[in-house]
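Trainee: Supplied in structure tokens, the structure appears directly below.
The values are calculated or read from the model by the stated rules, or taken from the named source; none is laboratory data. In this text the structure is predicted, and so the values were computed from the model without any measurement. No Cβ is skipped: glycine too gets one built from the backbone with ideal geometry, and neighbour counts run over all protein chains shown. Just so you know, the surface numbers come from the protein's heavy atoms only, side chains and all, with ligands and any DNA or RNA stripped out. Shrake-Rupley method; radii C 1.70, N 1.55, O 1.52, S 1.80 Å.
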Amino acid sequence: VKVGQNSNRFDYVVVGAGAAGCALAARLSEDPDCTVLLVEAGSDKGPAQADIPLAAAQMLGTEHDWAFETEPEASLAGRRIPLAHGRILGGSTAINSMVYLRGSRSDYDDWGTPGWTYSEVLPYFRRCEDNSRGPDAFHGIGGPVSVSDLRYKHELTSALLAAASSAGHALNPDMNGSAQDGFGFVQVTQRDGRRVDANTAYLAPVRSRANLTVLHGTQVLGVNMSGTRAVGVNVLADGSPETILADDVILSAGTYHSPQILIASGIGPAGDLKALGIPVVQDLPVGHGLQDHLRVGLILATSRPSLRSMWTDEAQEEFLSLGTGPLTSNVGEAAGFLKTNAAVSEPDFQVSLAAAAVAEMLGAGGHGMTIGGWVSKPTSRGKVSLRSSDPLEVPRIVHNYLSTSFDRGTMCAGVRHMLEIAGQSSLGEFTEQGGDRPQAEDDASILEWVARVATTAHHPTSTCAIGSVVDASLKVQGLDRLRVVDASVIPSVPRANTMATALMVGERAADLIRKGAADEISL
Ligand SMILES: Cc1cc2nc3c(=O)[nH]c(=O)nc-3n(C[C@H](O)[C@H](O)[C@H](O)COP(=O)(O)OP(=O)(O)OC[C@H]3O[C@@H](n4cnc5c(N)ncnc54)[C@H](O)[C@@H]3O)c2cc1C
């Protein structure tokens, strides 16, 4: 679709068709009296295997992944950490691991923001969902996002769960329910064994709406401002610059891109803008506050085949005819939430259990299983900034992983729990010599190992946070008709993977934005 083929003015332009952008565009366009344009930089379709869960990793590093990386990270031996995120309709939900986890009640209550407490956002989590287990106080049915139990569970994942149990951790069949503590198989965003991303859940069913236009292959370069009011966006469509006018501009381009677009438009830290030669429209701490989960993986070499060898003709046939079998595995089939010390009221360390050598530290062909983990609520903060005034230049991303003693201490305590699970005798029949682990269990040895092997869990948040860049209605502070609606507004990374929260933000925002809605929430 070419911009010029449509009316060049819309009620709403939503920038970025990821988790939040798809939810928002679909919900806003329920009102036939408004026009909605959704603009996505990536393509509209992935490769044939895009909805095969076990093929998720094959999307990384392709044209469907922006494939950024950090600056050298000081606590990680100066390594640059690869930062995958989706560039396709569906955004990162089209390339992610499909784990559906929300975080704990206090994750939302602690925002301290009217309208965003757990009891106020729970209805939006429920509205999102079509849970295969049926409805209850925490789960919904009939929503766009199919949330299902895994159809296939590898024996190595079951062995890891049994080891967690013998190490003293409770089993929890619903880590999105009344309590987060404990271990269990995750629920995933799948239907009939296939990936459900934000595009298939929200957009595909409503693409024929006359008032919804979806442009793909179109990168937004900046917000068009008239004084303090947003009046549209500047885009690059098929290599040509164009302007699109809109009554309301909503950035849903994700934690790395929404700040990039704002700063390129003169909305950001005044000092940085002046240094870049960009005229200052509004001085705001855009790009500050970046958070993420730094993931470390303990790989145990296995004597039995892992998921790595499951891509067989037989498995493909089973997947295509029945939608079952190993190709429906999301790899990280189980998770756990634990407290590293008795003083904490919420789990402070998350574990991810996988029936494969996830970090590939064993080299090609090696079979393994992985006990992954990260600090649930880190305090380290980084920054997204621009290298130049060129909106097409890849931004500078510094995560500052493990830059606080709290994060280093919690990481060490969490890794000791991972080692305890790995040491359970019940795993003996599955494991053999090999793998990579800390030389010893003291903090220095663990941190040396973490610095060498850690990577991201892909959960960036907080660069346009509520309370600092946007207000509780997600309006950019001090400006008119401009909002941010994606994971970047989450004030601090939740104690969980971030897709469910990003979807909720999109759902919640639709109710805040709809024309005529009583949408003002004051901080
Ligand atoms: C490899 C990987 C695995 C993950 N696994 C899980 C998991 O198992 N469970 C989980 O809960 N979370 C997971 N996540 C995280 C989760 O997918 C994200 O938190 C979530 O998708 C963020 O939603 P968002 O709306 O903020 O942005 P995104 O979903 O990233 O969408 C942003 C969209 O904006 C587009 N865009 C960016 N810039 C522009 C521009 N200038 N113009 C036009 N369009 C633009 C992008 O192309 C993209 O489509 C994973 C992420 C990755 C990358």
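Trainee: Within the range 50-65, how many residues are open to solvent by 30 Å² or more (accessible area, probe 1.4 Å) and over 15 Å from residue 316 (Cα atoms)?
Mentor: Looking only at that region, the number is 6.
Trainee: Just to be sure I understand, how many residues within the range 1-37 are more than 15 Å from residue 261 (Cβ to Cβ), crowded, with 17+ Cβ neighbours inside 10 Å and at pLDDT 95 or above?
Mentor: Start the filter on the range 1-37 by keeping residues that are more than 15 Å from residue 261 (Cβ to Cβ), which leaves 1-12, 19, 22-37.
From the residues that got through so far, the ones that are crowded, with 17+ Cβ neighbours inside 10 Å too are 3, 10-12, 19, 22-29, 34-37.
Those still in the list that are at pLDDT 95 or above too: 10-12, 19, 22-29, 34-37.
Qualifying residue count, the range 1-37: 16.
Trainee: With respect to residue 42, is the statement that it is crowded, with 17+ Cβ neighbours inside 10 Å, within 9 Å of the ligand (Cβ to nearest atom) and on the phi > 0 side of the Ramachandran plot true? So that I can check it myself, show each step before the final result.
Mentor: Details: crowded, with 17+ Cβ neighbours inside 10 Å: yes; within 9 Å of the ligand (Cβ to nearest atom): yes; on the phi > 0 side of the Ramachandran plot: no.
Against the criterion (crowded, with 17+ Cβ neighbours inside 10 Å, within 9 Å of the ligand (Cβ to nearest atom) and on the phi > 0 side of the Ramachandran plot), residue 42 does not qualify.
Trainee: Can you pull out the residues in the range 246-303 that are assigned to a loop (DSSP other than H, G, I, E, B) and more than 23 Å from the chain's Cα centre (by Cα)? Can you show your working first?
Mentor: Filtering the range 246-303 for residues assigned to a loop (DSSP other than H, G, I, E, B) gives 252-256, 265-266, 269, 277-281, 284-287, 292-293, 303.
Listed by number, the residues that qualify are 265, 266, 269, 277, 278, 279, 280, 281, 284, 303.
Trainee: In addition: Can you work out which of the residues in the range 320-344 that are assigned to a helix (DSSP H, G or I) and away from the ligand (no atom under 16 Å from the Cβ) is surrounded by the most Cβ atoms within 10 Å (Cβ to Cβ)? Walk me through it before giving the result.
Mentor: Keep residues of the range 320-344 that are assigned to a helix (DSSP H, G or I), which gives 320-322, 326-328.
Cutting the leftovers down to away from the ligand (no atom under 16 Å from the Cβ) gives us 320-322, 326-327.
On the way: 320: 11, 321: 9, 322: 12, 326: 22, 327: 25.
Restricting to residues being assigned to a helix (DSSP H, G or I) and away from the ligand (no atom under 16 Å from the Cβ), the top hit is 327.
Trainee: Which pairs turn up if I take residues in the range 346-374 that are at pLDDT below 90 and look for partners that are outside any loop (DSSP other than H, G, I, E, B) and acidic (Asp, Glu) with beta carbon separation below 6 Å, at least 6 apart in sequence or on another chain?
Mentor: 361/436
Trainee: Return the total of residues in the range 452-509 being open to solvent by 10 Å² or more (accessible area, probe 1.4 Å), β-branched (Val, Ile, Thr) and within 12 Å of the ligand (Cβ to nearest atom).
Mentor: So the count comes out to 2.
Trainee: Same structure, new question: In the range 70-95, which residue that is open to solvent by less than 10 Å² (accessible area, probe 1.4 Å) and of a type in the set (Ser, Thr, Tyr) is nearest to residue 49 (Cα to Cα)?
Mentor: Top of the filtered list is 93.
Trainee: Kindly indicate whether any position in the range 409-423 is within 30 Å of residue 237 (Cα to Cα), open to solvent by 40 Å² or more (accessible area, probe 1.4 Å) and part of a loop (DSSP other than H, G, I, E, B).
Mentor: Step one: of the range 409-423, the residues within 30 Å of residue 237 (Cα to Cα) are none.
Scanning the range 409-423, I find no residue that is within 30 Å of residue 237 (Cα to Cα), open to solvent by 40 Å² or more (accessible area, probe 1.4 Å) and part of a loop (DSSP other than H, G, I, E, B), so the answer is no.
Trainee: Another question, then. Scan the range 224-237 residue by residue and report those that are touching a strand residue (DSSP E or B) at 6+ places or on another chain (Cβ under 8 Å) and open to solvent by 10 Å² or more (accessible area, probe 1.4 Å). Working first, answer last.
Mentor: Keep residues of the range 224-237 that are touching a strand residue (DSSP E or B) at 6+ places or on another chain (Cβ under 8 Å), which gives 224-225, 228-237.
Hits for the range 224-237 are 224, 225, 228, 229, 231, 234, 236, 237.
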